[in-house]
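S.K.: The following block contains the structure, expressed as structure tokens.
None of the figures in this text is laboratory data; all of them are computed from the coordinates on show. Because the structure is a prediction, the values reported are computed rather than measured. Note that we place each Cβ from the backbone using ideal geometry, even for glycine, and neighbour counts take in every protein chain shown.
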Amino acid sequence: MLQIAEIRENKEAFAKALQKRNIDALPLLESAIAVDENRRNLQAQLDETLSKSNKLSKEIGDLFQSGNVAEANELKAQTTDLKESSKQLSDQLSAVVEELQTILYAIPNIPQDSVPAGSSDEDNEVVFQYGDLPILHEGAKPHWELVKDYDIIDFELGNKITGAGFPVYKNKGARLQRALINYFLDKNTAAGYEEMQVPLLVNEASGYGTGQLPDKEGQMYHVGIDDLYLIPTAEVPITNLYRGSLLEIKDFPIAMTGYTPCFRREAGSYGSDVRGLNRLHQFDKVEILRIEHPDQSDAALDAMVVHVKGILEELELPYRILRLCGGDLGFTSTLTYDFEVYSAAQEKWLEVSSVSNFKTFQANRLKLRYRTGDKGTELAHTLNGSSLALPRILASILENFQVHNALHIPKVLIPYCGFDAID
RNA sequence: GGAGAAGUGGCAGAGUGGUCGAAUGCACUGGUCUUGAAAACCAGCGAGGGUUACACCUCCAGGGGUUCGAAUCCCUUCUUCUCCGCCA
């Protein structure tokens with residue numbers, strides 16, 4: 001959520017920057033400003049009425065104390081009108097506050113200058129590419145066939161006990177999953193991210209805090225009887241650990257990592273895009289998050305990108321980094337780098353990480369602030385990224401490391417797996 | 001799940017209808033003293049809205065109510081603690 005004070009000051013510049021998202025936000029921004037004007041007006045009127053009635057109440061108290069009951073009762077009569085109008089004003093005010101809230105929730109974050117214009121993922125800018133694309137042997141197979149051949153992931157069993165998009169990992173497949181999780185967590189904690197294990201269900205307030213609500217409730221599984229949501233990403237519970245916090249400058253930077261399963265309803269289309277491990281309703285992910293001083297968040301984003309690069313290189317996977325264009329940029333982000341690994345049998349790039357700087361957008365909803373040197377408070381910046389999402393990493397490992405009668409394991413994972421091949 | 005108790009500033013902890021945005025202690029910040037530090041002493045010290053700045057308004061777990069007036073009384077939700085039940 002943008003801050004109304006900033007909208008007031010930067011209306012034109014914001015509208016211009018939001019054009020990169022292919023929206024004309026000017027009417028929204030202007031109505032936010034108008035509604036806020038109204039809000040402040042009502043607030044001032046309400047404050048004045050309350051002030052009057054506070055004064056009267058004090059006088060009444062004094063009169064009672066000094067035994068002057070008749071005069072006190074006279075004053076009492078005067079409060080009726082004040083009560084009535086303060087009731088009205090405060091009703092109007094809450095309606096206007098809600099109206100403003102609704103408008104602000106509808107405005108996406110301001111893209112940074114470096115974000116390219118564009119309307120879809122085709123306009124994303126490839127800013128870096130690493131590794132040679134593997135040349136596979138004759139008869140190489142996509143991962144959904146490999147997992148069947150080697151009996152390491154069973155989609156049918158998942159269908160039986162839950163439904164489509166909930167695979168069952170078996171044998172060395174399960175072990176490889178656990179290896180990846182441990183490896184990722186080790187890399188992240190070694191880089192200074194504090195490991196957290198958090199609830200997989202969150203309440204409504206947390207959903208609002210990170211921006212999944214009110215917009216995207218359809219993407220989350222909702223446990224109606226308890227009014228809780230299954231997390232779509234660890235970003236939600238981990239960022240919300242700091243909801244409502246007032247930090248000191250010395251607390252920065254805050255860096256956290258956590259492994260969680262992620263649950264996504266997103267129905268999506270059927271076909272090769274969602275085959276096998278490409279898109280699931282439940283998948284595992286290790287996330288990294290940072291809470292930063294505003295001066296440091298750009299550098300922090302770069303550092304996160306470098307960190308993820310290091311992991312992919314150790315895994316010996318060819319990858320590329322995209323700077324998302326305005327049309328593809330997430331609602332809450334100012335700048336996002338997507339990492340894609342090459343899945344050699346599918347001959348496709350698969351997104352495995354998305355690293356974003358949200359600046360104050362989430363912090364404003366979260367009321368996540370820090371004390372500035374001079375007695376004031378400011379919103380902190382939040383960032384996060386995957387480090388990494390498992391299924392597509394697994395898919396490319398299986399495909400890229402296949403030989404005619406075995407699936408090799410990247411060297412760095414062998415100590416974690418306890419085997420060097422699936423055969 | 002059942003019975004009871006409780007939720008106040010960063011922490012501890014007073015406050016049961018007006019003089020309370022809230023005593024006191026600790027912590028913290030500035031100053032005096034000191035070669036420096038500690039101790040002692042003095043002063044300051046929650047957040048949000050609003051204002052050029054004041055004024056002013058709001059907040060004592062959340063929401064609602066009673067009252068001229070609520071941290072204080074009532075209802076409700078949540079959370080914590082104790083006892084019982086169940087349980088990995």
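S.K.: Note down the nm distance, to one decimal, between modelled labels 7 Å out along Cα→Cβ at A:Ile23 and at A:Lys87.
M.R.: Computed distance between label sites A:Ile23 and A:Lys87 equals 3.9 nm.
S.K.: What does the charge count near A:Ser333 come to, summing +1 for each Lys or Arg and -1 for each Asp or Glu among other residues with Cβ under 13 Å from its Cβ? Mind showing how you got there, number by number?
M.R.: Values: positive: A:Lys20, A:Arg21, A:Arg323, A:Lys359; negative: A:Glu235, A:Asp328, A:Asp338.
Neighbour charge sum, excluding A:Ser333 itself: +1.
S.K.: Among A:Ser356, A:Ser86, A:Ser245, whose mean-square fluctuation peaks in a Gaussian network model of chain A (Cα, cutoff 10 Å)?
M.R.: Answer for the Gaussian network model of chain A: A:Ser86.
S.K.: Separate question: Do you know the relative contact order of the range A:113-211, to the nearest whole percent, from alpha carbon pairs under 8 angstrom that are 6+ apart? Don't skip to the answer; put the middle values down first.
M.R.: On the way: 45 pairs, mean separation 12.0, N = 99.
So the answer I get is 12 percent.
S.K.: Roughly speaking, what % of Cα-Cα pairs in chain A are separated by over 30 Å, rounded to a whole number? Show your work: numbers first, answer last.
M.R.: Working: 46238 of 89253 pairs.
When all Cα pairs of chain A are counted, 52 percent exceed 30 Å.
S.K.: Moving to a separate point now. Rounding to the nearest 10 and keeping the result within 0 to 90°, find how far the Cα-based axis of helix A:4-18 lies from the longest principal axis of chain A.
M.R.: The answer is roughly 40 degrees.
S.K.: If you don't mind, there's one more thing I want to ask. Taking the Cβ-Cβ separation of A:Glu37 and A:Ala77 as r and a Förster radius of 56 Å, what is the calculated FRET efficiency to the nearest 0.05?
M.R.: Values: r = 35 Å, r/R0 = 0.63.
Calculated value: 0.95.
S.K.: Moving on. Calculate the tail of P(r) for the range A:4-106: the fraction of all Cα-Cα distances greater than 23 Å, expressed in %.
M.R.: Values: 2586 of 5253 pairs.
When all Cα pairs of the range A:4-106 are counted, 49 percent exceed 23 Å.
S.K.: Please work out the C-alpha center-to-center distance from the range A:383-408 to the range A:304-340 and express it in whole Å.
M.R.: Rounded to whole Å, the Cα centres lie 16 Å apart.
S.K.: Can I ask one more? Can you count the Lys pairs in the range A:132-199 with C-alpha separation below 21 Å, eight or more apart or on different chains? Provide the component values of the computation, followed by the final result.
M.R.: Values: A:Lys141/A:Lys170; A:Lys141/A:Lys172; A:Lys148/A:Lys160; A:Lys148/A:Lys170; A:Lys148/A:Lys172; A:Lys160/A:Lys170.
Number of lysine pairs found: 6.
S.K.: Taking K and R as +1 and D and E as -1, what net charge do the other residues with C-beta under 14 Å from the C-beta of A:Ala179 add up to? Mind showing how you got there, number by number?
M.R.: On the way: positive: A:Lys172, A:Arg175, A:Arg178, A:Lys187, A:Lys411; negative: A:Asp186, A:Asp284, A:Glu314, A:Asp420.
Net charge in that neighbourhood comes out at +1.
S.K.: Here's another thing I want to ask about it. Please compute the Kirkwood hydrodynamic radius over the range A:268-384, one decimal place, Å, based on all pairs of different Cα atoms.
M.R.: 16.2
S.K.: Related question: Which residue, A:Asn124, A:Asn159, A:Asn188, has the most motion in a Gaussian network model of chain A that connects Cα atoms within less than 10 Å?
M.R.: Fluctuation is largest for A:Asn159.
S.K.: How many percent of the alpha carbon pairs in the range A:61-182 exceed a separation of 23 Å? Let's see the in-between values first.
M.R.: Working: 5443 of 7381 pairs.
The proportion of pairs with Cα distances above 23 Å equals 74 percent.
S.K.: Okay, next question. Please state the relative contact order of chain A as a whole percent: Cα pairs under 8 Å, 6+ residues apart?
M.R.: Relative contact order here is 20 percent.
S.K.: Give me P(r) over the range A:271-339, computed from all C-alpha to C-alpha distances, binned every 10 Å, as integer percentages.
M.R.: For the range A:271-339, the pair-distance distribution reads 14, 37, 40, 8, 1.
S.K.: Hey, another quick one. Can you tell me which of A:178-184, A:3-9 comes out highest on packing, and rank the rest after it, using the mean Cβ neighbours within 10 Å?
M.R.: Numbers: A:178-184: 19.9, A:3-9: 14.6.
With the highest mean Cβ count within 10 Å placed first, the list reads A:178-184, A:3-9.
S.K.: For a quick check, take a GNM of chain A with Cα springs below 10 Å and name the residue from A:Asp47, A:Asp374, A:Asp154 with the largest mean-square fluctuation.
M.R.: For chain A, modelled as a Gaussian network with Cα springs under 10 Å, the answer is A:Asp374.
S.K.: Please identify every one of the trypsin sites (Lys or Arg not before Pro) in the range A:337-399 that sits in a loop by DSSP and has no more than 15 other beta carbons within 10 Å of its own beta carbon. Don't skip to the answer; put the middle values down first.
M.R.: Working: sites: A:Lys348, A:Lys359, A:Arg365, A:Lys367, A:Arg369, A:Arg371, A:Lys375, A:Arg392; in loops: A:Lys367, A:Lys375.
Sparse-neighbourhood loop trypsin sites (Lys or Arg not before Pro): A:Lys367, A:Lys375.
S.K.: Mind checking which lysines have their Cα closer than 21 Å to the Cα of A:Lys83? Skip sequence neighbours fewer than 8 apart in that chain.
M.R.: The qualifying lysines are A:Lys52, A:Lys55, A:Lys58.
S.K.: With just the Cα atoms defining each centre, how far is the range A:164-207 from the range A:135-158? Give it in Å.
M.R.: 23
S.K.: Enter the angle in degrees (range 0 to 90, nearest 10) between the Cα long axis of helix A:171-190 and the first principal axis of the Cα atoms of chain A, meaning the one along which they spread out most.
M.R.: Rounded to the nearest ten degrees, it is 50.
S.K.: How far apart, in nm, are the 7 Å Cα→Cβ label points at A:Leu133 and A:Gln45?
M.R.: Using points 7 Å along Cα→Cβ, the separation is 6.6 nm.
S.K.: Could I ask something else about it? What do you get for the angle between helix A:297-314 and the principal long axis of chain A? Use alpha-carbon atoms, 0 to 90 degrees, nearest ten.
M.R.: The angle comes out near 20 degrees.
S.K.: Moving on. Under 30 Å between alpha carbons, and skipping anything fewer than 8 positions from A:Lys16 in its own chain: which lysines qualify?
M.R.: In chain and number order, the partners are A:Lys216, A:Lys359, A:Lys367.
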